[in-house]
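Asker: Take this structure, written in C-alpha cells, and hold onto it; I'll ask about it next.
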Amino acid sequence: MNHITSRKYAPRATLLATATLAAGFSSLSAQAADADSGDAPATELDKVQVRGSWFAPSSPKFTAELLDTPKSVSVVTEKTIQEIGATNLVDALRMVPGITFGAGEGGNSTGDRPFLRGFDGQSNMFVDGLRDVGTQTREVFDLEQLEVVKGPSSAYGGRDSGGGSINLVSKTPKLKNETNVSMGVGTDSYARGTVDANYVLGDGIAARLNLLKHESDIAGRDAANVSRWGIAPSIAFGLNGPLQLIASHYHLETDDLPDAGGFPYGNPATGTTTGKPLVPNRNNYYGLKDRDFQRTRADISTIDASYDLGGHKLRNIARLGNTSNDYLWTQPDDSKNNPLQYGTLWRRTNNRAIDTKTFADQLSLTGAFQTGGLKHSYSAGVEYSEEKSSKGGYDIGGGGTNNPISNNQVCKTTGAATGYNCTDFYNPNPNDPWSATHPVTRTNKALDVEQTTKTKSVYAFDTIELSEKWLVNLGLRWDDYDTEQVTPVLNKAPTVLRNSDGFLNYQAGVVFKPTANGSIYLSYGTSSTPPGMDSGEGNDSISAAIQNLKPQETRNYELGTKWDLFDKRLNLTAAIFHTEMSNARVVIDTGSTQNAGKKAISGVEIGVNGQITDRWNVAGGYTYMDSELKDNGFVCSISSRTGCPAPGVWIVSPNNGNMFPNTPKHAATLWTTYMLPFGLTIGGGASYVDKQYGDVANTKWIPAYTRWDAMASYAIQDNISLQLNVQNLTDKTYFTKAYASHYAAIAPGRAATLALNVKF
C-alpha cells in the first residue's frame, strides 16, 4: 500500500521525528471513533487514513508509518489523558516511562523541564511542530495528543539537547458537529470546567472552540494553589478540498501560589547537606502567602495552509508567539545547614520576569514517487525562526532576604527579628507578615538581558522501499544558527555575547519486515547543542566562557523491533540504544571551558499497548538507563564559585564515572481499563521510578517510589457519563524533581475528582 500523502481532516501542525511507537496509549476502538467522519461524506482515502498503526503522527516529516520507521516515539492520545485525569503536561507524561522532570532555580526558569534519556529537554518543546521556547506550566485542554521522540533528533527539529523532544499537537476543526462539556469537582478545592465545541459552518468550513477554567489547592500541601483559564478558537476552510486553511489562537493565563520548593537535602547521621530530602511533615510549606506568586501568559497564533497537488502536498505553517513567566517563590535553602544545626530554614527567594516573542515559518513539500523499481515517500522543506527574550526580575527592599541579625543566611532564630526571612523548619507559618517591611519592585526594564536567536534551516527525508521486506530511511538537515545576548550595564557599554555557527545533522536507518505486521530496525542519528540554545531560559544559556565553542554533538545507535498482533489490536515494541556525547562542554586543566568532555547512556525500552479483548485495554512500558559521566573535565581542589584561587590546583573531576542527574536506572508504567457489560468501566495503574540523583557528584538524591492510581466511569446514557479518578491512591510521599544543589520538589498527596462529561 502506498504511503498516505493526504488526510481527511486538515493536517495538524508538525512534530520533528520519524518514529516508532514505544509507548502509545489508547485503544483501537477509540482510534476508530476518532476517525469517524461525522457529517462529512466518506471517501476511499478515509478508509486508509492510518496505515498499519493506530497512531498517526502529526508531522509531514514522518515519511513512513510508525511500524516501519527506525526511531522511537511515544504517542499519548487525548483519550488516555482524559482517562488518567491529567490536567497538565507533567501529569500526562507520567504515562511515558523514562521521562523525569528537573526543578528550576535562578539559572533555570520555573516551569516544565523534562529530561529525556538523561538529557535536559526544557528547550526541546514544540507546539504543532514549531519550537516553543517560552517556559511555562503547560495545559492539556487544547491537546489532541502528545508525541515524544526519543534520542538525538536534530535532523528533524534543529538544535537539540540529545535526549529527544516533546510535541504538543493542538485540536483543530473537523467536519463534524460535536460538543463535549466536562465539569469536575474534587478534594482540595478542585473545580475544573472544559468545553470542546466543533461546528460545521458551511461547505468544507468548520470552527472549533476550546475553553478552560481550573482552580485547586495542592493535595497534601499547605497554602499552595493553582488558578488558570484558557481559550483556544480555530477556524478551517476547504476541509473537503485540495486547498485548506486553518487559523487558530491559543491563550492561557495562570496565577498560582507556587509549590516549587519542597524540602532541602540533609543527612542527620553526618550533619551535612547531602543525602535525600528532609521531611519533618509533608504538609510543610515554607513559602509566604503575601510574597510568593507565579503568573504566566501564553498567546500563540498560527496559520496553517496546504494545497494537495495530487500525490504531493505543499504546506506552509506560520506562527507568532508571545509568552511571559513572572514569579517570586521561596526556595527552602540548605546552604548554611540551618535545618540540622538550628531547626530553622532560610527563605531564599528565586525570581524571574521574562517575556519571549517568537516567529516561525515552515514551508514543506511531501509526497511519493517511484524511480525504477524503488518507491520513495519524501518530505522536504525550509524553516525560519526568530526568538527574542527579555529577562529581568524583582528587587526586594527592606534589607532583602538575608537575616538582619547575622546579615547573611544563618538562621539561629526565627520570627520578626529576622524579618521573617527565617522560619521554623518543623512548623513554618506561611501567614507570616513579610511584605509589610519588604517592598517588592520590578527591576529596571532598561537593564533587562535581551537575547535574539535566528535560525535558517533546510531539510529532506526519504523512505525508500527496496522490496516488500526492506526499507531504508534517510534524513538530512542544515541549520544556520545565530544567537546574540545583550546585557545592559548602567552608564557603560553593554556586554554582548554571540555565537554563530552552521551545523549538519542526519539520520539513517534500515528496516527489515519479516512479516507485514512486524519490523526489525537499526538506526543512527545525530544532534547538535550550540551555546545559548535555550534563548536565556535554562541550562544552556550563553556565557563568556562558552560563546566561542562549537556545538556539543550527540550520536545515537538503536536496534529495535515492533509488532502489531491480534489483527492489529495489540502493539509490542522493544529497543536497545546507546547515546554518546563526545565533545561535552567541561572545564579543562587551564581553567577554561572547552568541548573536551564525554558522557554516554545505554538502555532498553519495552512497550505494550492495545486491546487484549474488546473490553480490556492495556498500556505499559519499561525503560532501563545506564548513564555515565565518562569525562567530566577538571575541578579546582579548593571549592570556589569562580576560578581556582591559590593555593588551589586543577585536578581530574572526582565525578568521572558517576550517573547523570535526573536519570533513574529503572522506570516502568502500567495502565489498564476494563469495560463491564452494564456500562461501568474500571481502571487503574502504577508508575515506578528508581532513585534519581540531583547533582553530578551523586551526593544528593530522591528515593525510588511506586505510585498507584485508579479510575471508574459510568455511562448514564450514550452521551452522558460520570468519571471518578483517585490520584496517588496510597497517599505515597515521594519526590518528582531533584535540583542539583539545594532542594527537591515533593509530589502531591492523594486526591479524588469526579467529573460529569456530556457529549452532544
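Asker: For T730 and L476, what does the FRET efficiency come to when R0 = 60 Å and r is the distance between their Cβ atoms, rounded to the nearest 0.05? Present the calculation step by step, with values, prior to reporting the outcome.
Answerer: Numbers: r = 50 Å, r/R0 = 0.83.
It comes out at approximately 0.75.
Asker: A further question on this structure: Please work out the C-alpha center-to-center distance from the stretch 542-570 to the stretch 692-710 and express it in whole Å.
Answerer: Measuring centre to centre over Cα atoms gives 23 Å.
Asker: Please state the relative contact order of the chain as a whole percent: Cα pairs under 8 Å, 6+ residues apart?
Answerer: Details: 2325 pairs, mean separation 98.8, N = 760.
Taking the mean separation of contacting Cα pairs over the length of the chain, I get 13 percent.
Asker: Please return the longest range in the chain lying between exposed loop sites, taking GluC sites (Glu not before Pro), DSSP loop only, at most 13 other beta-carbon atoms within 10 Å, and leaving the sites out. Let's see the in-between values first.
Answerer: Working: sites that count: E44, E468.
Formally, the longest exposed-site-free interval is 45-467.
Asker: Taking θ as phi - 60°, what are the ³J(HN,Hα) couplings along the stretch 267-283 by the Karplus curve (6.51, -1.76, 1.60), each to the nearest whole Hz, with x for Gly and Pro?
Answerer: Karplus-based 3J(HN,Hα) across the stretch 267-283 equals 10, x, 5, 10, x, 10, 8, 10, x, 9, x, 8, 10, x, 7, 4, 7 Hz.
Asker: Tell me which trypsin sites (Lys or Arg not before Pro) from the stretch 618-683 have a DSSP coil assignment and no more than 11 other beta carbons within 10 Å of their own. List each step's numbers first, then the result.
Answerer: Numbers: sites: K630, R641, K665; in loops: R641, K665.
Loop-located and lightly packed - R641.
Asker: To two decimal places, what compactness ratio does the stretch 606-675 give when its Cα radius of gyration is scaled by 2.2 N^0.38 Å? Working shown, then result.
Answerer: Values: Rg = 22.8 Å, N = 70, 2.2 N^0.38 = 11.1 Å.
Normalised by 2.2 N^0.38 Å, the Cα Rg of the stretch 606-675 equals 2.07.
Asker: Would you mind ranking D564, D188, D718 by Cβ crowding within 10 Å, fewest neighbours first? All intermediate terms of the calculation are to be shown ahead of the outcome.
Answerer: On the way: D564 23, D188 18, D718 8.
Listing D564, D188, D718 from fewest to most nearby Cβ atoms yields D718, D188, D564.
Asker: Turning to a different aspect of this structure: For each pair in K456/K568; K213/K456; K289/K336; K71/K456; K171/K700, compute the distance between the two Cα atoms and list the pairs where it is over 32 Å.
Answerer: Working: K456/K568 41 Å; K213/K456 38 Å; K289/K336 24 Å; K71/K456 25 Å; K171/K700 41 Å.
The answer is K456/K568; K213/K456; K171/K700.
Asker: How long are the three semi-axes of the equivalent ellipsoid for the stretch 286-427, computed from the Cα gyration tensor as the root of 5 times each eigenvalue, in whole Å, largest first?
Answerer: Values: eigenvalues 640, 61, 24 Å².
They are 57, 17, 11 Å, listed from largest to smallest.
Asker: How large is the helix-only mean residue ellipticity at 222 nm for the chain, computed as the sum of -39500 (n - 2.57) over DSSP H runs with n ≥ 4, divided by its residue count, in deg cm²/dmol to the nearest 500? Walk me through the numbers before you get to the answer.
Answerer: Working: 5 runs with 27 residues, N = 760.
My calculation for the chain gives -500 deg cm²/dmol from helical runs alone.
Asker: In the stretch 131-171, whose amide N lies under 20 Å from the spot 7 Å out along Cα-to-Cβ of L504? List them in ranges.
Answerer: Those under the cut-off are 152-160.
Asker: Let me ask something additional. For the stretch 20-759, treating each Cα as an identical point scatterer without solvent, what Debye log10 I(q)/I(0) comes out at q = 0.08, 0.09, 0.11 1/Å?
Answerer: Here log10 of I(q) over I(0) equals -0.65, -0.83, -1.29.
Asker: Return the equivalent ellipsoid semi-axes of the stretch 288-353 as a descending list in whole Å, where each equals the square root of 5 times an eigenvalue of the C-alpha gyration tensor. Don't skip to the answer; put the middle values down first.
Answerer: On the way: eigenvalues 513, 41, 10 Å².
Taking √(5λ) for each Cα gyration eigenvalue gives 51, 14, 7 Å.
Asker: Please work out, to two decimal places, the log10 of the ratio I(q)/I(0) at q = 0.16, 0.20, 0.27 Å⁻¹ from a Debye calculation in which every Cα of the stretch 672-714 carries one identical scatterer.
Answerer: The Debye formula, applied to the Cα set alone, gives -0.57, -0.67, -0.88.
No lab work stands behind these numbers, since they all come straight from the coordinates. Everything numeric in this text was worked out from a predicted model, so none of it was measured. Neighbour counts are summed over all protein chains in view; Cβ atoms, including those assigned to glycine, are modelled from backbone coordinates with ideal geometry.
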